[in-house]
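The values are calculated or read from the model by the stated rules, or taken from the named source; none is laboratory data. Predicted model only: the values in this text are computed from it and were never measured. A quick note on method: Cβ atoms are made from the backbone with ideal geometry, for glycine too, and the neighbour counts reach across all protein chains shown.
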Amino acid sequence: MSMYSEQSAVTVLGLGPMGRSLAGAFLDAGLRTTVWNRTPGRDHELVDRGALGARSVEEAVSASALIVVCVVDYDASDAILRPEGVTAALTGRTVVNLTADTPGRARDTAEWAATHGIRYLDGAIMTPTPTIGTPAAVFIHSGPEELYREHQSLLDALGGTHTHLGAEIGRAAAYDIALLDIFWTAMAGYAHALAVARAEGITARELAPFAKGIGAILPPIFEGAAEEMDRGSFSGEGNPITSAVSSMAHIVHTSEAHGIDAGVMRAAEGMARRAIGRGHGADGFTRIAEVLGRR
């Protein structure tokens with residue numbers, strides 16, 4: 001038996017892989033779930049599981065008080081939400097936008113929503129599709145806390161942990177951008193490392209255990225760097241920026257000797273040399289974040 005009332009209902013707009021996972025989690029939780037996708041046909045499996053397939057966006061948003069949007073970017077969500085008929089149907093309802101984009105776009109959408117009497121929360125999904133509906137899922141949200149609390153029990157149906165980051169609507173997107181910065185920079189570094197290793201006759205499988213070891217040392221480094229950044233004190237004891245630049249130069253030299261593009265590491269080396277040029281060579285690597293933030 002569902003823990004939700006008969007009136008509990010949610011609409012999911014956007015049925016890419018993540019949107020389908022969100023809708024499936026709502027269905028598994030016993031929520032009356034309406035779905036819509038710009039490209040027809042993606043709702044068949046969900047409809048077979050009990051979802052209501054809407055024929056139009058207006059019909060989809062009219063079916064529920066809570067509308068969850070998950071599309072490729074805010075250009076796509078604007079194209080769905082901002083036509084006059086859809087905007088009118090959304091008046092008085094709550095939109096939770098789980099579409100990834102920039103903090104500025106989140107703020108712009110919140111202003112548009114307020115102008116049209118639409119209640120608005122922004123959010124981000126920090127884990128891949130297989131985690132949705134499981135304890136491993138991670139969601140972050142921002143916007144009016146009362147509005148978040150009102151819909152929290154329905155959002156909890158998506159599984160995992162949900163964190164409200166504050167009333168400022170752009171905070172979830174800002175966290176998302178910062179965290180994806182870590183992820184994609186790391187993945188770019190790993191892809192580059194695999195290319196260099198292969199050029200030196202090392203297979204990816206041979207490198208992987210040692211790569212995991214590098215990953216394992218990062219969490220305490222992140223904690224220490226965060227304390228340094230907030231404190232404004234960047235100790236270089238044991239590993240100053242000058243030492244980091246030396247190892248970066250070795251990576252660039254080895255890469256380019258094999259004809260491998262070293263642009264990413266050259267960029268990192270350039271940031272480090274900028275810090276050194278401003279007199280911070282004896283500081284720790286986190287000093288670079290402070291230098292980059294100067295205007």
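Does Ala197 qualify as being assigned to a helix (DSSP H, G or I), assigned by TED's automatic domain parsing to the domain that holds Gly24, among the hydrophobic types (A, V, I, L, M, F, W, C) and surrounded by 14 or more Cβ atoms within 10 Å (Cβ to Cβ)?
no
Show me the strands (runs of 3 or more DSSP E) entirely contained within the range 91-174 in which 2 or more residues are over 16 Å from Ala23 (Cβ atoms) and hydroxyl-bearing (Ser, Thr, Tyr).
By residue number, 161-164.
Can you confirm whether the range 15-22 contains a residue that is among the basic types (Lys, Arg) and assigned to a helix (DSSP H, G or I)?
Scanning the range 15-22, I find at least one residue that is among the basic types (Lys, Arg) and assigned to a helix (DSSP H, G or I), so the answer is yes.
Name the single residue, out of those in the range 201-220 being surrounded by 12 or more Cβ atoms within 10 Å (Cβ to Cβ) and within 25 Å of Arg273 (Cα to Cα), that is nearest to the chain's Cα centre (by Cα).
Step by step, filter the range 201-220, then rank; the result is Leu218.
Can you tell me how many residues within the range 236-251 are surrounded by fewer than 17 Cβ atoms within 10 Å (Cβ to Cβ) and in a helix (DSSP H, G or I)?
6
If a residue must be under 10 Å from Trp36 (Cβ atoms), aliphatic (A, V, I, L, M) and surrounded by fewer than 21 Cβ atoms within 10 Å (Cβ to Cβ), how many such residues does the range 56-79 contain?
Adding up the residues that qualify gives 1.
Can you say whether Ser235 is farther than 18 Å from Thr185 by Cα and of a type in the set (Ser, Thr, Tyr), as far as the supplied structure shows?
yes
Any chance you could count how many residues in the range 139-163 are in contact with a helix residue (DSSP H, G or I) (Cβ under 6 Å, 6 or more places away or on another chain) and of a type in the set (Asp, Glu)?
Within the range 139-163, residues that are in contact with a helix residue (DSSP H, G or I) (Cβ under 6 Å, 6 or more places away or on another chain) and of a type in the set (Asp, Glu) number 0.
For residues that are in contact with a His (Cβ under 9 Å, 6 or more places away or on another chain), buried (at least 18 other Cβ atoms within 10 Å of the Cβ) and not aliphatic (A, V, I, L, M), tally how many sit in the range 88-100.
The number of residues fulfilling the criteria is 1.
Being in a loop (DSSP other than H, G, I, E, B), in the same structural domain as Phe285 (by TED's automatic domain parsing) and modelled with pLDDT of 95 or more is the requirement here; does Ile260 meet it?
yes
When residues of the range 133-162 are filtered for being hydroxyl-bearing (Ser, Thr, Tyr) and either surrounded by fewer than 15 Cβ atoms within 10 Å (Cβ to Cβ) or not assigned by TED's automatic domain parsing to the domain that holds Val96 (or both), how many remain?
Residues in the range 133-162 being hydroxyl-bearing (Ser, Thr, Tyr) and either surrounded by fewer than 15 Cβ atoms within 10 Å (Cβ to Cβ) or not assigned by TED's automatic domain parsing to the domain that holds Val96 (or both): 3 in total.
I'd like to verify a number: residues in the range 247-260 that are under 33 Å from the mean Cα position of the chain (by Cα) and among the polar types (S, T, N, Q), how many?
Within the range 247-260, residues that are under 33 Å from the mean Cα position of the chain (by Cα) and among the polar types (S, T, N, Q) number 2.
When you go through Val47, Val57, Val69, Val86 one by one, which is the residue that is touching a Leu at 6+ places or on another chain (Cβ under 6 Å) and either within 23 Å of Tyr148 (Cβ to Cβ) or in the same structural domain as Gly30 (by TED's automatic domain parsing) (or both)?
Val69 is the lone residue from the list that is touching a Leu at 6+ places or on another chain (Cβ under 6 Å) and either within 23 Å of Tyr148 (Cβ to Cβ) or in the same structural domain as Gly30 (by TED's automatic domain parsing) (or both).
Examine the range 223-235 for a residue that is surrounded by 12 or more Cβ atoms within 10 Å (Cβ to Cβ), of a type outside the set (A, V, I, L, M, F, W, C) and modelled with pLDDT of 95 or more, and state whether such a residue exists.
No, the conditions are met nowhere in the range 223-235.
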